[in-house]
Amino acid sequence: MDSTNRRNLIWGLAAATLALLIVGLFVWQRSRGPEAPGSAAPGRDGAIVPVPGDTPTGPPGERPVLTPSPATSAELHVLLGEEAVPVQSDVVVEALEIEQPWVCAGEPVGLAAHVTGGGPDAVQRWIWRTTEGTVALQPGSALAWPTPAAPGVYRVFFQVCTDLGGRRIGVLASRALDIEVRACDEPAAAVRIEVSQRGQGVYAFTAVVADEGAGAGITDYVWDFGDGAQLTTTAPAAEHTYAVAELGPADVAHFAVTVAARRAGAEPLTGTTAVLVRGMPGTHDPGPVLLEVGRWQHDPARNRWTSDIQVQVREKGPIVWERLERFTKYFDDRTESANLDWREVIAVDESLAGGGFRGQVLVPDESVPPEVKQIIDVLHGRASDGAEVTVSWTPFKRAPASPGDAGVGQ
Amino acid sequence: MRVAAFSIACAVAMSMASVAQADGLDVGYGDDCWSTTSDADRDGLHDGCEQELAYSFMPLLWFDSGESGYGRRPHFAVKSKSFAGRTVQIFYMDTFFEDTGVTTGHDGDAEFQIAEVHFSAGRWYLDWMYLSAHRNSVCDSSAWYSYDQLEYDTASNPQNAFRGRATLYAAEDKHATYNTLGTCDSGCYAQDYCSRHAYQELDATTGLEGRNVGSTAVPLIDRVDLNGKTEYLMQDRAFKGWDDQWYRPNSGGYRPHLNEFGF
């Protein structure tokens, strides 16, 4: 890293820290659940009783007038047609996080709650009074709150609840947050991050700079994926895989992703986004080998397509690879197959333990005329216990013939 | 949106900016869906509401031009996740008759999707979808997708909306489902192939009418006869797609998946 880049990085980190400090994004609080079981709110007669935790979180100072009418969580429970019962628990709302002390009308604002305690039956939710007079509800710890069009101060509640049967719910913890909404005409974020999920925990990110002029001098992009991983790219795109296996089957984790587009002699442009990652039940058996295959690339000098490949033997090694079966699929639905010497199809760069290897899969240009839709390779081998082992992949695929069918590309 | 600081809250807002346009679906039921009247599977949800939710959020599928296995007889199950969160899950059993993939062919194809939806202020909103894609195989590409990572066709169906019925992509012949063409393109070591060739509702014939299997605890439908063949959807046995050719294997059944996801 040269001195300019180092200076820009330091500036970026300092700016980020300063922003956090000045704007006071984190509003730390500790909110224990109701201490007195039975002080229901509302009671069966519909009387509204304050619920601990209704004291709003927000900037210090004079309490503003709420829009629409002032609301307590108890009032919202009534409007939701539910009977809320405070329940003693170990649940603690450690923090409610909001983007900034006030937000622009009509722009969604992100809210996130940090909670400790609670069992598998604990339900996290946000509730708030809408300008139409109804009560909106969103489950989960994160919320993109649909900021009203009219300026004012609005109150949003975060609650951790549990079902008690029928329309009764137990409130394990509750916390209010007042959000000031102002009419404003502020510029958009310097960098917008587009997110595209590509599978379980796999995300592709693209940084889009709002001001093309400001983006002209960008030297590189420093990505922080929110899970401790960072990456620097010269192109405005990055991909990251989150450790989904560490999540329980019912867990949802959210990560803040930031990018700093560094510019020579100028402040970096920054942007942020979030991804939600959810665990799932089941145990995935990857089989005796671990396969990694890269995207195919054309090698015009040698008139062929190549894909990086790595086969690692996990168990049952050594595995002796015997043949490679190559299927060629055509757009007219024909399929041809051929048994090939696997070492003629795969150029091995390095042999790995147990019969594993690292190299490139080769597809000659003459094997993929325009009418070919896809190649599928199946590598057959024999494990030490005599069992057949197969791994398969695609080393070439062509986009759909119809121009309107975009999305699959070579 | 103004220049953002590095906070999760801000990030959530930016990633879900489209929530401002969210309008979900009106299915004719509200949180009266939680009811013990007319509750044949005794799961605390009104049967009529289960039917309406399953129909309303039933996914749309894009198939590739090379698809040779459209045949299916979908069913569904619904369960309450919580009343406090006004959330239910809908398990869509695709029940394709066969997988005609070059290297994977088998009778029966037990791919599935789970839609997690919640009720708020008069409408139901899709929060998450689990899309099976060769689940528990060596190239398992299944995933949970939050609502902002799914596509919604509101152009050809004005009744649909953002956070309503999702549009999915079914891999050619193998029926693994994905949120986008790009995700499909990389699925199963890039072997899956999707395109926008043919567009169908998951159940284009009956709209899932009368296809509620109940739950593993209280099955409403188990045995299903079709074309002189029988399948037992709720039992832990192979799913043969109402077929049983000697030259190819059968698919695993739905019961393990139902168990794992608590249906």
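Only one of A:ALA122, A:ALA84 is within 20 Å of A:GLY248 (Cα to Cα) and within 11 Å of chain B (Cβ to nearest Cβ). Can you tell me which? Walk me through how you get there before you give the answer.
On the way: A:ALA84 fails: within 20 Å of A:GLY248 (Cα to Cα).
Going through A:ALA122, A:ALA84 in turn, the sole match is A:ALA122.
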When residues of segment A:137-154 are limited to those that are of a type outside the set (Gly, Ala, Ser) and part of a loop (DSSP other than H, G, I, E, B), the one nearest to the other protein chains (Cβ to nearest Cβ): A:PRO146
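Only one of these is in contact with a Ser or Thr (Cβ under 9 Å, 6 or more places away or on another chain) and of a type in the set (Ser, Thr, Tyr): A:THR273, A:THR233. Name it. Walk me through it before giving the result.
Numbers: A:THR233 fails: in contact with a Ser or Thr (Cβ under 9 Å, 6 or more places away or on another chain).
Of the residues listed, the single one that is in contact with a Ser or Thr (Cβ under 9 Å, 6 or more places away or on another chain) and of a type in the set (Ser, Thr, Tyr) is A:THR273.
So which residues in segment B:131-144 are outside any loop (DSSP other than H, G, I, E, B) and either modelled with pLDDT under 95 or surrounded by fewer than 24 Cβ atoms within 10 Å (Cβ to Cβ) (or both)?
Our first condition is that a residue be outside any loop (DSSP other than H, G, I, E, B); within segment B:131-144, this holds for B:131, B:143-144.
Result: B:TRP144, single match.
May I ask you to verify whether B:GLY28 is in a loop (DSSP other than H, G, I, E, B) and within 12 Å of B:HIS175 (Cβ to Cβ)? Outline the logic, then answer.
Details: in a loop (DSSP other than H, G, I, E, B): yes; within 12 Å of B:HIS175 (Cβ to Cβ): no.
In short, no.
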In segment B:65-90, residue nearest to the chain's Cα centre (by Cα) [restricted to those that are in contact (Cβ under 8 Å) with a residue 60 or more places away in the chain, within 11 Å of chain A (Cβ to nearest Cβ) and crowded, with 20+ Cβ neighbours inside 10 Å]: B:GLU67
Qualifying residue in segment A:257-264 (condition: over 23 Å from the mean Cα position of the chain (by Cα) and either of a type in the set (Gly, Ala, Ser) or modelled with pLDDT of 95 or more (or both)): yes
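Suppose we filter segment A:68-104 for residues that are over 21 Å from A:ALA274 (Cα atoms) and part of a loop (DSSP other than H, G, I, E, B); how many remain? Explain how you work it out, then say what you get.
Of all residues in segment A:68-104, those over 21 Å from A:ALA274 (Cα atoms) come to A:68-92.
Checking which are part of a loop (DSSP other than H, G, I, E, B) leaves us with A:68-72, A:80-82, A:87-91.
Within segment A:68-104, residues that are over 21 Å from A:ALA274 (Cα atoms) and part of a loop (DSSP other than H, G, I, E, B) number 13.
Suppose we keep only residues that are hydroxyl-bearing (Ser, Thr, Tyr) and assigned to a strand (DSSP E or B) within segment A:192-241. Which one would you say is farthest from the other protein chains (Cβ to nearest Cβ)? Reasoning before the result, please.
Taking segment A:192-241 as the starting set, the residues that turn out to be hydroxyl-bearing (Ser, Thr, Tyr) are A:196, A:203, A:206, A:219, A:221, A:232-234, A:241.
Going one step further and asking which of them are assigned to a strand (DSSP E or B), we end up with A:196, A:203, A:206, A:219, A:221, A:232-233, A:241.
On the way: A:SER196: 6, A:TYR203: 9, A:THR206: 12, A:THR219: 20, A:TYR221: 15, A:THR232: 17, A:THR233: 18, A:THR241: 12 Å.
Ranking the qualifying residues of segment A:192-241, first place goes to A:THR219.
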Hits in segment B:148-176 (condition: part of a loop (DSSP other than H, G, I, E, B) and within 29 Å of B:SER137 (Cα to Cα)): B:LEU150, B:ARG165, B:ALA171, B:GLU172, B:ASP173, B:LYS174, B:HIS175, B:ALA176
In segment A:271-326, the residues that are hydrophobic (A, V, I, L, M, F, W, C), at pLDDT below 95 and part of a loop (DSSP other than H, G, I, E, B): A:MET280
Test set (1) facing chain B (nearest Cβ under 10 Å); (2) of a type in the set (Val, Ile, Thr); (3) more than 21 Å from the chain's Cα centre (by Cα); (4) crowded, with 16+ Cβ neighbours inside 10 Å - A:THR134 fails condition number: (4)
Selection within segment B:81-120 - at pLDDT below 95 and not in a strand (DSSP E or B): B:THR100, B:GLY101, B:VAL102, B:THR103, B:THR104, B:GLY105
Verdict on B:CYS184 being part of a loop (DSSP other than H, G, I, E, B) and within 11 Å of another protein chain (Cβ to nearest Cβ): no
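Considering only residues that are away from every other protein chain (no Cβ under 12 Å) and either under 23 Å from A:ILE375 (Cβ atoms) or buried (at least 24 other Cβ atoms within 10 Å of the Cβ) (or both), which ones fall in segment B:187-201?
The initial filter retains those residues of segment B:187-201 that are away from every other protein chain (no Cβ under 12 Å), namely B:200-201.
Listed by number, the list is empty, since nothing qualifies.
The values are calculated or read from the model by the stated rules, or taken from the named source; none is laboratory data. Small disclaimer: the values here were computed from a predicted structure and weren't measured. Here Cβ is always computed from backbone atoms with ideal geometry, including for glycine, and neighbour counts include all displayed protein chains.
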